[in-house]
Amino acid sequence: MVSVPSPASAPLRLVRRAVSLLDRIPHAVVGLCARLFPAAVFWQSGQTKVDGFALSDSAVVLFREDYKLPFVDPLIAAHAAAIAEHLFPALLVVGLASRASALALLVMTAVIQIFVYPGAWPTHGVWATCLLVVLARGPGLVSLDHLIARRFVGR
């Protein structure tokens, strides 16, 4: 007896083929994107808080008048944010201490979500998802972390 393919088998084969192709996207690409795009967002935010190498007056005013974080002096919060928004994105871009940097930015994202812009959860959710990819799967092959691990831990 000859089996006749059902009409549903062609679309099913197409879906399976598409999934198979998508499964081939290397983590190196995903990890790199998950590091670069949130890094760009935080870096740009950090740039709005500085004037050259000094904290801008407007950054302190922003933390005092708009952000109003509980338990933290606005001057300290502005300095800490400016440093963190430059340091951790730079580390993410080169892929050094990637998981620690992603965790730090994830904590910052949670603070922003909870205390500053609670209505911006869709945006913060995208940032958090990228940072969680780095936390859970690492930075990928295109990173200093990978080179260091390969050198000292082995392949």
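The values are calculated or read from the model by the stated rules, or taken from the named source; none is laboratory data. Computed from a predicted structure; not experimentally measured. Every residue, glycine among them, receives a Cβ derived from its backbone with ideal geometry; neighbour counts consider all protein chains shown. We work out accessible area using only protein heavy atoms, side chains counted, and drop any ligands, DNA or RNA first. Shrake-Rupley method; radii C 1.70, N 1.55, O 1.52, S 1.80 Å.
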Taking the stretch 24-66 and keeping residues in a helix (DSSP H, G or I), touching a Lys or Arg at 6+ places or on another chain (Cβ under 9 Å) and in contact (Cβ under 8 Å) with a residue 24 or more places away in the chain leaves H27, V30, G31, A34
* To do: Inspect the stretch 51-65 for any residue being in contact with a Pro (Cβ under 6 Å, 6 or more places away or on another chain) and either open to solvent by 40 Å² or more (accessible area, probe 1.4 Å) or at positive phi (or both) and give the result as yes or no.
  => yes
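Only one residue in L69, L21, L14, L75 is surrounded by fewer than 16 Cβ atoms within 10 Å (Cβ to Cβ) and either part of a loop (DSSP other than H, G, I, E, B) or in contact with a Phe, Trp or Tyr (Cβ under 8 Å, 6 or more places away or on another chain) (or both). Which one? Before you say what the answer is, go through the steps one by one.
On the way: L69 fails: surrounded by fewer than 16 Cβ atoms within 10 Å (Cβ to Cβ); L21 fails: either part of a loop (DSSP other than H, G, I, E, B) or in contact with a Phe, Trp or Tyr (Cβ under 8 Å, 6 or more places away or on another chain) (or both); L14 fails: either part of a loop (DSSP other than H, G, I, E, B) or in contact with a Phe, Trp or Tyr (Cβ under 8 Å, 6 or more places away or on another chain) (or both).
Testing whether each residue is surrounded by fewer than 16 Cβ atoms within 10 Å (Cβ to Cβ) and either part of a loop (DSSP other than H, G, I, E, B) or in contact with a Phe, Trp or Tyr (Cβ under 8 Å, 6 or more places away or on another chain) (or both) leaves just L75.
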Going through the stretch 125-148 in order, the residues found to be open to solvent by less than 40 Å² (accessible area, probe 1.4 Å) and without any contact (Cβ under 8 Å) to a residue 24 or more places away in the chain are G125, A128
Apart from one, (1) among the acidic types (D, E); (2) surrounded by 13 or more Cβ atoms within 10 Å (Cβ to Cβ); (3) over 29 Å from A97 (Cα atoms) all hold for E85; the odd one out is (3)
Flagged in the stretch 34-49 as under 17 Å from R99 (Cα atoms) and crowded, with 20+ Cβ neighbours inside 10 Å, in numbering order, are A34, R35, P38, A39, F42
Every listed condition ((1) over 30 Å from I25 (Cβ atoms); (2) among the small types (G, A, S); (3) free of Cβ contacts under 8 Å to residues at least 12 places away in the same chain) holds for A120 save (1)
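Looking at the stretch 84-100, which of its residues are in contact (Cβ under 8 Å) with a residue 24 or more places away in the chain and within 20 Å of T48 (Cα to Cα)? Talk me through it step by step, then tell me what you get.
So the first thing to find is which residues in the stretch 84-100 are in contact (Cβ under 8 Å) with a residue 24 or more places away in the chain, and the list is 84-86, 88-90, 92-99.
Listed by number, the residues that qualify are A84, E85, H86, F88, P89, A90, L92, V93.
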Item to complete: Looking only at the stretch 8-26, decide whether some residue is modelled with pLDDT of 95 or more, of a type outside the set (A, V, I, L, M, F, W, C) and touching a helix residue (DSSP H, G or I) at 6+ places or on another chain (Cβ under 7 Å).
Response: no
